[in-house]
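The values are calculated or read from the model by the stated rules, or taken from the named source; none is laboratory data. As the structure is a prediction and not an experimental result, all values here were calculated from the model. Because the Cβ atoms are built from the backbone with ideal geometry, glycine has one as well, and the counts that use them run over all protein chains shown. Surface accessibility is based on the protein's heavy atoms, side chains included, excluding ligands, DNA and RNA. Shrake-Rupley method; radii C 1.70, N 1.55, O 1.52, S 1.80 Å.
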Amino acid sequence: MTEETPGFEEKPDVPSGATPDDAEPQAASPSSEEAAAPAGDASEQNAGLVAQLDQVRTALGERTADLQRLQAEYQNYRRRVERDRIAVKEMAVANLLTELLPVLDDIGRAREHGELVGGFKSVAESLETVAAKMGLQQFGKEGEPFDPTIHEALMHSYAPDVTETTCVAILQPGYRFGERTIRPARVAVAEPQPGAQTVKAEETGEAGDDKENGGPDEG
């Protein structure tokens, strides 16, 4: 048997002319392609992240636009509902006040004849106050010009002292609720007397001539 001398290790054969360092394995240096590979992967990852971010932003913009459109539609719906609710309420109040008009007419006639006394007077005035609080307004006065949109002529006559069609008597007062006319005022109207305008114009012309001529001659 061959005995190995303790303390000595067998070394690999080294070719002649070579240094011992040449015998140890050298770490392979990375090639230029392998060095460029991580940089290329990072660029691709960044591009992918940017694309994903763009997609998220696009989706967020679309969802935001949808939300804004839904909010606008909801606001329009609320406005329509509120407008319809007010219209229905006004119609109901107008119908109620219309039913009360004959009662108010009776109260007015009783007041004209001096019959509005005692407890009946208190009840009548309370009813008129409540109707006024609900928005009922009375209109129609003698001497105002006739307006066919708010007046209903029941009687017609001629008068020399009017220059246009005029309400000379209020047979029944008119009532309005807000901008709505519940009942027109029923009136008697008078028109200018035929020929009165011509006579008045001639008189005015003669008076003007007298002033220019220094007045009528004194005898």
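Structure values in brief
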item: Verdict on Glu33 being surrounded by fewer than 10 Cβ atoms within 10 Å (Cβ to Cβ) and either of a type in the set (Asp, Glu) or modelled with pLDDT of 80 or more (or both); result: yes
item: Meets criteria (closer than 30 Å to Met91 by Cα and at pLDDT 90 or above) for Val187; result: yes
item: Residues of segment 110-121 satisfying the condition of being open to solvent by less than 60 Å² (accessible area, probe 1.4 Å), part of a helix (DSSP H, G or I) and touching a helix residue (DSSP H, G or I) at 6+ places or on another chain (Cβ under 9 Å); result: Ala110
item: Residue that is touching a helix residue (DSSP H, G or I) at 6+ places or on another chain (Cβ under 9 Å) and in a helix (DSSP H, G or I), where the choices are Ala94, Ala72, Ala124; result: Ala124
item: Residues of segment 87-109 that turn out to be open to solvent by 90 Å² or more (accessible area, probe 1.4 Å) and either closer than 14 Å to Pro173 by Cβ or more than 37 Å from the chain's Cα centre (by Cα) (or both), as a count; result: 1
item: Positions within segment 105-131 being hydrophobic (A, V, I, L, M, F, W, C) and more than 16 Å from Arg180 (Cβ to Cβ), in sequence order; result: Ile107, Ala110, Leu116, Val117, Phe120, Val123, Ala124, Leu127, Val130
item: Boolean, Gly215 is exposed (fewer than 12 other Cβ atoms within 10 Å of the Cβ), part of a loop (DSSP other than H, G, I, E, B) and at pLDDT below 95; result: yes
item: Verdict on Asp84 being modelled with pLDDT of 60 or more, out of contact with any Leu (no Cβ under 9 Å at 6 or more places or on another chain), within 30 Å of Glu179 (Cβ to Cβ) and among the acidic types (Asp, Glu); result: yes
item: Considering residues of segment 136-159 that are in contact with a Lys or Arg (Cβ under 9 Å, 6 or more places away or on another chain) and assigned to a loop (DSSP other than H, G, I, E, B) only, the residue least open to solvent (accessible area, probe 1.4 Å); result: Gly140
